[in-house]
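The values are calculated or read from the model by the stated rules, or taken from the named source; none is laboratory data. Keep in mind that this is a model prediction, so the values were computed, not measured. Note: ideal-geometry Cβ built from the backbone for every residue, glycine included; neighbour counts use all protein chains shown.
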Amino acid sequence: MADISAKVVKDLREQTGAGMMDCKKALQEAGGDMEKAKEWLRKKGITSAEKKQGRVAAEGLVGSYIHTGGRVGVLVEVNCETDFVARREEFQTLVRSIAMQVAACPNVEYVRVEDIPAEVVQKEKEIEMGRDDLGGKPANIKEKIVLGRIEKRLKELALLEQPYIRDQSISVDELVKQAVAQLGENIRVRRFARFVLGEGIEREVSNFAEEVAAQMGQKA
């Protein structure tokens with residue numbers, strides 16, 4: 001049986017919200033492997049974050065982040081169960097961290113994979129099915145490759161699947177679950193909006209050299 005240190009047990013508890021004894025048991029079952037221990041806890045339905053997911057979260061905050069220079073701005077709504085938790089510094093820090101994450105991830109369009117519309121998934125599938133490197137492969141192999149690529153692509157579009165910018169060892173989803181364990185309430189990222197200065201505006205393209213030459217011709 002693997003020798004499980006108190007620190008590792010504490011780290012697992014902070015990440016999952018499960019009890020100390022459950023965390024120790026999970027690590028022993030997983031031979032000390034943190035990820036396998038998390039899977040064990042999820043399968044047993046022990047993690048507090050998952051237990052709280054069904055509870056209504058209608059309070060919370062709309063937070064904002066403006067990147068240096070004012071060229072990128074983000075609004076994000078994060079919900080919790082009570083106004084008391086919404087006022088806590090830890091929750092407000094979480095909201096700001098998520099807003100900063102959105103600012104740092106220009107390709108993210110949805111909160112979670114499940115939010116991605118079916119037509120977007122179908123379009124991604126059509127793109128992958130038409131790639132040249134799949135030509136000549138058996139249909140069953142081609143299907144497996146395409147499914148793997150689509151899964152990877154959909155995760156790239158989902159905020160909760162992204163590595164947390166301040167700690168690449170955890171995802172944004174795991175960051176939220178840590179907050180659930182710490183604050184004792186269901187917490188959900190509901191929606192976000194990202195604004196980029198000048199985005200969508202058609203800019204007039206000018207030839208600076210021609211403008212200078214024209215001005216010089218007028219003066220002559």
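In the set (1) outside the structural domain of Glu185 (by TED's automatic domain parsing); (2) within 28 Å of Arg190 (Cα to Cα); (3) of a type in the set (Asp, Glu); (4) modelled with pLDDT of 85 or more, the condition left unmet by Glu29 is number (2). Filtered by the rule that a residue be surrounded by 13 or more Cβ atoms within 10 Å (Cβ to Cβ) and part of a helix (DSSP H, G or I), the range 58-99 gives Val85, Ala86, Phe91, Gln92, Leu94, Val95, Arg96, Ser97, Ile98, Ala99.
Considered as a group, the residues in the range 161-185 that are acidic (Asp, Glu) and part of a helix (DSSP H, G or I) include one that is farthest from Cys105 (Cα to Cα), and that residue is Glu174. Filtering the range 142-199 down to residues that are crowded, with 18+ Cβ neighbours inside 10 Å and aromatic (Phe, Trp, Tyr), which residue is farthest from Gly73 (Cα to Cα)? Among residues in the range 142-199 that are crowded, with 18+ Cβ neighbours inside 10 Å and aromatic (Phe, Trp, Tyr), the one farthest from Gly73 (Cα to Cα) is Tyr164.
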